[in-house]
1. Please verify whether residue 206 is closer than 18 Å to residue 182 by Cα and touching a helix residue (DSSP H, G or I) at 6+ places or on another chain (Cβ under 7 Å), treating the condition exactly as stated.
2. Identify, by number, the condition in (1) over 30 Å from residue 29 (Cβ atoms); (2) in contact (Cβ under 8 Å) with a residue 24 or more places away in the chain that residue 251 doesn't meet.
3. Picking from 281, 219, which residue would you name as being over 22 Å from residue 149 (Cα atoms) and part of a loop (DSSP other than H, G, I, E, B)?
4. Of all residues in segment 134-151, how many are closer than 23 Å to residue 263 by Cα and touching a residue at least 24 places away in the same chain (Cβ under 8 Å)?
5. Just checking, which of 235, 187 is out of contact with any strand residue (DSSP E or B) (no Cβ under 9 Å at 6 or more places or on another chain) and modelled with pLDDT under 90?
6. Is one or more of the residues making up segment 194-204 assigned by TED's automatic domain parsing to the domain that holds residue 259, in a loop (DSSP other than H, G, I, E, B) and at pLDDT below 95?
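The values are calculated or read from the model by the stated rules, or taken from the named source; none is laboratory data. Nothing here was measured: the structure is a model prediction, and the numbers come from that model. Because the Cβ atoms are built from the backbone with ideal geometry, glycine has one as well, and the counts that use them run over all protein chains shown.
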């Protein structure tokens, strides 16, 4: 019986670790989940053997309950580890609604206005739930994490505002670049994106430099900066089309006036965890029934010895 209790306790400890320290890649490793499933099988077989040796009737009932609670926990762990998707981030443009099949709803991203952006909203079945920091949703943790994006103003040489589009972006008509691409430039890993200015027949590439990176540039500066590369529709470099713009500063490049605004905007990390209700219920059942099995059997053993 002791071996069964130890093995079952190890399964519960593994599940508790996944709840307390979520998001570790090892939780989706095949070997770990196979080991948990195998341990559950050993708990069941060990319980059946122990029932023939346990003398106290209440201890037998408690031991069966312990095995049941342990199997509940093991099913929750293995289901999350093998069937749930790997941890991933959902990135959306302002005003975009991103469908999430695992959540059974849509993540609606806020518009960019004055001040800090509003939280992302999970819409499902007519209900709306905000995700301001961390939110538990069934078998998932939803974590709002800040990302750096760039809102761009484009004007012609007379100062007239021009429309920005993103033909390759998730939202076509948006001036906010999500900066999801990365590349190595001068030994630095930098984020990049692109946009089009249809009225001027230009395509502009934008590379974002963080404050730590801008001080390493030949034209050293401080704060965030964006390197713009202006091309025509055919991909030819526009005259005087490459230049660096500091955050909030207007520059004239390739016949365009461009001003970047570096913003902090939320994305949502989706982290799979074992079902909390099933896991906690299974752990409590295993803890209480395991203690009860030891208690009832220890009370009967001295009497049996004295007889």
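1. Judged against the criteria, residue 206 is not a match.
2. Going through the list (1) over 30 Å from residue 29 (Cβ atoms); (2) in contact (Cβ under 8 Å) with a residue 24 or more places away in the chain, residue 251 breaks only (2).
3. That would be 219, the only listed residue that is over 22 Å from residue 149 (Cα atoms) and part of a loop (DSSP other than H, G, I, E, B).
4. Residues in segment 134-151 being closer than 23 Å to residue 263 by Cα and touching a residue at least 24 places away in the same chain (Cβ under 8 Å): 10 in total.
5. Within the list 235, 187, the selection yields 187.
6. yes
Results for (1) at positive phi; (2) surrounded by fewer than 19 Cβ atoms within 10 Å (Cβ to Cβ); (3) outside any strand (DSSP E or B), shown as yes or no for each residue.
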| position | (1), (2), (3) |
| --- | --- |
| 76 | no, no, yes |
| 79 | no, yes, yes |
| 107 | no, no, no |
| 113 | no, yes, yes |
| 135 | no, yes, no |
| 154 | no, no, no |
| 157 | no, yes, yes |
| 170 | no, yes, yes |
